[in-house]
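Here's the structure we're looking at; comments come further down.
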Amino acid sequence: MAQLDAQVLIIGSGAGGAVTALELARRGLDVLVLEEGGRYGQADYGRPAPEAMRKLYRRGGMTPIMGRVPIGYVEGRCVGGSTEINSGFWHRTPREALLRWKTQFELADASEEELGPHFDWAEDMLGVGLSAGEWPASTRLFARGVERMGWSYQEVPRAAPGCRGTNACAQGCPTGAKTGMSRSIVPAAEAAGARVLSGVRVLQLLKKRDKVVGVVARRQHADGASDLVRLQAEHVFVCAGPTETPSLLLRSGIKYHVGNTLRIHPYLKIAARFDEVVDAHDHVLPLLQVKEFWPQLSLGGAFFSLGQLAMTLSENWPENRGQMQNHRNMAQYYVGVRGTGKGWVRPTLFGDDATLVRYELSDEDAKALSIGLARLSELLLAAGARDVFPSVWGLPSISKEADAARWLDEVVPRSRLSLVTVHAFSSCPMGERREVCAVDSYGKVFGFENLYVNDASMLPDSPGVNPQGTIMALARRNAMRFADANAA
Amino acid sequence: MKKRGRLYVAIGVLSSAIFIVLAVRRLEFSAVAKAFQNANLLPWLPLAVLSYITGHWVRGVRCRMLVSNEAKLSLSTATNVVVFGYAVNNVLPARLGEFARAGMLAQNSGLPFVQSLTVTLLERVLDGLCLLLLLVIAAGMVPDVGWVTRMLEVGGLVFGIAALGVLLAVAAPSLLLNVTSRVAHRFGPRVHGFGVTLVSQLVAGVSFIRTFSSALSIIGLSVVVWLFEAGMFLCLMPAFEIGLDPWLAVFAMCVTNLGILVPSTPGFIGVFQFVCMRAVMLVGVSQPVAFSYAALVHLSFYVPITLWGFAIAFTYGVSFGEMANRAAEARPIEAGAEQPLVSLRAARETKSGEPSRFFVALVEALLPNDVALADRRQVVQDVARFVQTELGDLPARLGWLLAIGLTGFRVITVLVKLRTLEALELGARRAWVERWAYGSFALARQLFRGVRSTALLAYYDHAQVRAELIPREKPGARVLTLEAKRTHGAA
């Protein structure tokens, strides 16, 4: 039987866990990474959405965020975590966000300059860069719309060097171009000596006074059987993601500011029909973002498959189902808002050990989404779209700018919105202000000597951009500081 | 025999002796002999035995069903396991039959002993609750006496607490395991390992009744079990010219089976006769006839099952003594540094992997008919399977809300359409479902959002549908001729 005890136990192998494992293993620490999901190879990626969801997503993608407006939320559950199913879009943490975190949370040593080397390192490891080839039609149309509106855009760098534009990022990159953690950091960590065990779900941290002495975990076998095991460790890093990290801490009786401050970026999807053939399913998703209205609003491109298009149209299906025949002329975009509402994460009392997540959209969010609906619709109509189809019940399509502009003043009723998100964070906020934070500026859980959080949970609040870069940079900073103090 | 075992036996013998004395006090034995001489044993005795044995066969069905998530037992083996437990209780003291039965179940199913014992415990709890339910109903049909009320109170307390425990294991398995682990961890690794192991197997033992339909079927079977046992009590009434009274039979059966929870000798001698006799005396049956009736019921209860048990022991090559020891031998895995605390079996693949007829009908109504498919039926089946699996993955609280909502939808469908959704013609079904899924009632839309979204996703990403909708070359398509450009606007 494999030796399951370790000097450092890392729970989760996503953007936070993988970076932590690499940095600590490089410094000679005995590292064991426990990943709940499976480990998949290239052949398993890029499969049709239903198959991919069953394999790569937590609970098959059925992890909605509840609230007055239920929000579809998915996260990865496999080696590499959500980096295996995201778009690979890359942002450095905006300066404004870092300043806010310093002011409001007293987050130490996390200025733009201090995080710069960590971003440099991560971008180098992942091959982050702009697309090498010609922009696909969905991107060019978006650019045309932005220009006609007189706004500015930026192409968002991606961690996908050599992307071949299959638009299958959400099913795991089938060409291997996207450098999710399973292709980049995890192999490097293993080469440095870290051990990675997949199919192991940690059920509980075992505490003894102010120390965590081990964990109880369920180890799943290929045939579906499972073992309950107890593992010992000198140090534990919880990097299980924004919902599972607080859930695990709460299940273990660690409650101090844990799980009460979840933030998300709520997104509203909009499909657009153009005269031109776009064949969005055959190309990379639109690569541009409009930051004109940031931080309240971002406009950009969304994944496209026939299934995803149908989901967007489904809010008004009786009116819009015929548009499926026009799929070659269609593309999908999004309105994203910063997310000023509040949410919480709790382990369920009933059933299996699932996690309940709740988020209440703020009035500000609802207003921003309505304005975003207007802005994006105007942009797409200016780009030449015949109609746009927002994911809003009772609003099947918009084909005139005047109809779009209406939403600059009016607010879409919450009950009509159909929202999604893939960005959640801040469920265990970091900083030196103990009255609002769960962990210190380096991820150490308050009240514990050897327990750390090092994933999206620790972001003090919404960064307003795709969080993978921020998570990796902060995780590396924290891991290096830990290694300085603990490596032989 | 250990000291504690000897104490159990002594208490049982003493208790039986007391009840025998109570039963035969002021009894006219000559009247008893006369009652037996005049008894009409044919066809009533064979019918009674048949009813009782049929009840055990139903118990076998129930036992097989309870372990079906993790083990495949033949019906004959499951019935033999059940009967063997009863037979051991008939010949060995201190209800060792329950342990022997768990041991035999563990041996034949490969399940851990504690899990097998949990299945037995679960059956006992269900039995107790069924008996109480039947007693409450039947007690209204016989004269009101204080001891029946007390029996209901005590039984209600005992089985109520047990039922709460089972309910907790069924509804909140993770919470139970979590709390146990946290508490046991304070007492060191050994206690922690034991606690976690025990609770894991308890939770696995009740896994079958975690869905509403399976819980309902198990409760239904439990009621049937006891109705067959009441059949034995009923069939023997005419043998002593007691009027055929189903309610009296149910009443007597309930109080007798609850009564024999009192410690006694193997086979419940004394207690059985006394309680059964008192039950029928409530409706005016004389003491000698009541005693004769109780004695014959006991014989019908004791002899066939004990003989069957001996036959099983012979067939399976075990002795009753061995069975008593098996419980002690089958210990949970000891926790060690490198050992799993406990290993749990994989859930068996069953036909439940197929979508239900309801889901197929629902999904078919939600899917468009916009593409000519080679095998539409297969596509609908695949989509329905995906949707059902996905919805099954919802966290429990949301899953329950959805189940309640869909049940409401089905009930309203029947009330409004006078037939089930599955029976509606496709056009009518589609119109009805769309009224719910896309109508102006927000709650109904929320109920159907997950169903319709996953259904449409799976449909349009199905290989057959994609092949039809995404031809690689489409003549006449106007290709975009925008000038390719790469402009980087300011952030």
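The values are calculated or read from the model by the stated rules, or taken from the named source; none is laboratory data. Keep in mind that what you see is a predicted model, and the values were worked out from it rather than measured. Note: ideal-geometry Cβ built from the backbone for every residue, glycine included; neighbour counts use all protein chains shown. Note: accessible area is taken over every heavy atom of the protein model, side chains too, but ligands, DNA and RNA are not part of it. Shrake-Rupley method; radii C 1.70, N 1.55, O 1.52, S 1.80 Å.
List of remarks:
- Residue that is touching a helix residue (DSSP H, G or I) at 6+ places or on another chain (Cβ under 7 Å) and either surrounded by fewer than 20 Cβ atoms within 10 Å (Cβ to Cβ) or among the hydroxyl-bearing types (Ser, Thr, Tyr) (or both), where the choices are B:Ala23, B:Ala78, B:Ala39: B:Ala39
- Selected residue (criterion: nearest to B:Leu406 (Cα to Cα)) from residues of segment B:432-448 that are among the aromatic types (Phe, Trp, Tyr) and away from chain A (no Cβ under 11 Å): B:Trp436
- Residue satisfying all of: in segment A:335-392; in a strand (DSSP E or B) and open to solvent by 30 Å² or more (accessible area, probe 1.4 Å); nearest to the other protein chains (Cβ to nearest Cβ) among these: A:Pro347
- Identity of the residue in segment B:371-411, hydrophobic (A, V, I, L, M, F, W, C) and open to solvent by 70 Å² or more (accessible area, probe 1.4 Å), that ends up nearest to the other protein chains (Cβ to nearest Cβ): B:Trp400
- Filter result for A:Ala354 (among the aliphatic types (A, V, I, L, M) and within 21 Å of the chain's Cα centre (by Cα)): yes
- Sub-9 Å Cβ pairs linking a first residue in segment B:177-204 that is closer than 11 Å to A:Leu206 by Cα to a second residue that is open to solvent by less than 10 Å² (accessible area, probe 1.4 Å) and among the hydroxyl-bearing types (Ser, Thr, Tyr), at least 6 apart or interchain, are B:Asn178/A:Ser252; B:Arg182/A:Ser252; B:His192/B:Ser181, ordered by first then second residue.
- Scanning segment B:243-257 for residues that are of a type outside the set (Asp, Glu) and surrounded by fewer than 22 Cβ atoms within 10 Å (Cβ to Cβ) turns up B:Gly243, B:Leu244, B:Pro246, B:Trp247.
- Candidates are the residues of segment A:138-156 that are among the small types (Gly, Ala, Ser) and more than 7 Å from chain B (Cβ to nearest Cβ); the one that is farthest from A:Tyr333 (Cα to Cα) is A:Gly150.
- Between A:Phe89, A:Phe105, the distinction of being more than 14 Å from chain B (Cβ to nearest Cβ), in contact (Cβ under 8 Å) with a residue 60 or more places away in the chain and surrounded by fewer than 24 Cβ atoms within 10 Å (Cβ to Cβ) belongs to A:Phe105 only.
- Residues within segment A:442-488 that are of a type in the set (Lys, Arg) and part of a loop (DSSP other than H, G, I, E, B), tallied: 0
- Of all residues making up segment A:13-35, the number that are surrounded by fewer than 24 Cβ atoms within 10 Å (Cβ to Cβ) and either touching a Ser or Thr at 6+ places or on another chain (Cβ under 9 Å) or among the charged types (D, E, K, R) (or both): 3
- Residues being without any contact (Cβ under 8 Å) to a residue 60 or more places away in the chain, crowded, with 24+ Cβ neighbours inside 10 Å and either away from chain B (no Cβ under 12 Å) or part of a helix (DSSP H, G or I) (or both) - total across segment A:59-77: 1
- Those strands (runs of 3 or more DSSP E) lying entirely in segment A:155-263 with at least 3 residues without any contact (Cβ under 8 Å) to a residue 60 or more places away in the chain: A:200-208, A:211-220, A:226-238
- Scanning segment B:102-145 for residues that are outside any helix (DSSP H, G or I), hydrophobic (A, V, I, L, M, F, W, C) and crowded, with 22+ Cβ neighbours inside 10 Å yields one hit, B:Leu111.
- Of all residues in segment A:264-283, those being open to solvent by 10 Å² or more (accessible area, probe 1.4 Å) and part of a loop (DSSP other than H, G, I, E, B) number 4.
- Given (1) part of a loop (DSSP other than H, G, I, E, B); (2) closer than 25 Å to A:Glu364 by Cβ, index of the condition A:Phe304 fails: (2)
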